[in-house]
Amino acid sequence: MDTVDLLAILGVLVLITLVVGGAALLWARRQQRSTTLQTNFGPEYEHAIEELGDKRSAEKELLRRQRRMQRLEIRLLAPEERDRFGAMWANVQHRFVDDPIGAVRDADLLVKDVMNVRGYPVDNFEQRVADLSVDHADVVQHYRAARALAAARADGRASTEDLRQAMVHYRALFADLLETYAQYTGLREVAV
């Protein structure tokens, strides 16, 4: 075997090593991206896969949501805004006993008001859910559930218990939007 043949074989081996190494690096990056998306989006990751039919499409959609949210100016509420919205929530929740249908309707409107003040676009429900899934992935399923129960109420298919459950769902999202989950759910914060 002469030197030219040996160099050619060596060149092919180097090329194969680079291709295999590049493929392994690409695979590792995709795995890391998937893990990061699963961690960041929680249950919403699986929901996106179910909705879109495959992991690749779901991850592409979740990445699109993250990019969209980076362009929006979402802000925290000022303490006086949190207090005002908290008082409004207490009023809505108190009215549930006498007017469950009206309270559920007002809870939905109050959630939209908080979102609007924080900087979320509120025109379209599906877009609101997509936007919320980026920073509030752990509670966005509550919003979907609350809206489904509210829709059942509008069709006359919801019982008072269904409406109560809708309020529980709205409360979870509302508290997360206010970033005071313990205060509005009655749960105590646990020091870790």
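The values are calculated or read from the model by the stated rules, or taken from the named source; none is laboratory data. These numbers were taken from a predicted model, which means no experiment stands behind them. FYI the Cβ positions are ideal-geometry reconstructions off the backbone, even for glycines, and counts take in every protein chain you see.
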### Task
Scan the stretch 118-130 and give yes if some residue there is farther than 19 Å from residue 81 by Cβ, at pLDDT below 95, of a type in the set (A, V, I, L, M, F, W, C) and outside any helix (DSSP H, G or I), otherwise no.
no
### Query
Within the bounds of the stretch 118-128, is there any residue that is closer than 25 Å to residue 39 by Cβ, touching a residue at least 24 places away in the same chain (Cβ under 8 Å) and surrounded by 15 or more Cβ atoms within 10 Å (Cβ to Cβ)?
yes
### Unmet requirement for residue 47, which otherwise passes all of (1) at pLDDT 90 or above; (2) in a helix (DSSP H, G or I); (3) surrounded by fewer than 16 Cβ atoms within 10 Å (Cβ to Cβ)
(3)
### Message
Out of everything in the stretch 145-158 that is surrounded by fewer than 17 Cβ atoms within 10 Å (Cβ to Cβ) and aliphatic (A, V, I, L, M), what residue ends up being modelled with the lowest pLDDT?
### Response
154
### Summary
Picked from the stretch 159-180 (must be among the hydrophobic types (A, V, I, L, M, F, W, C), touching a residue at least 60 places away in the same chain (Cβ under 8 Å) and within 14 Å of residue 137 (Cα to Cα)), the residue surrounded by the fewest Cβ atoms within 10 Å (Cβ to Cβ) is 173
### Summary
Given (1) modelled with pLDDT under 95; (2) more than 20 Å from residue 143 (Cβ to Cβ), residue 84 misses just (1)
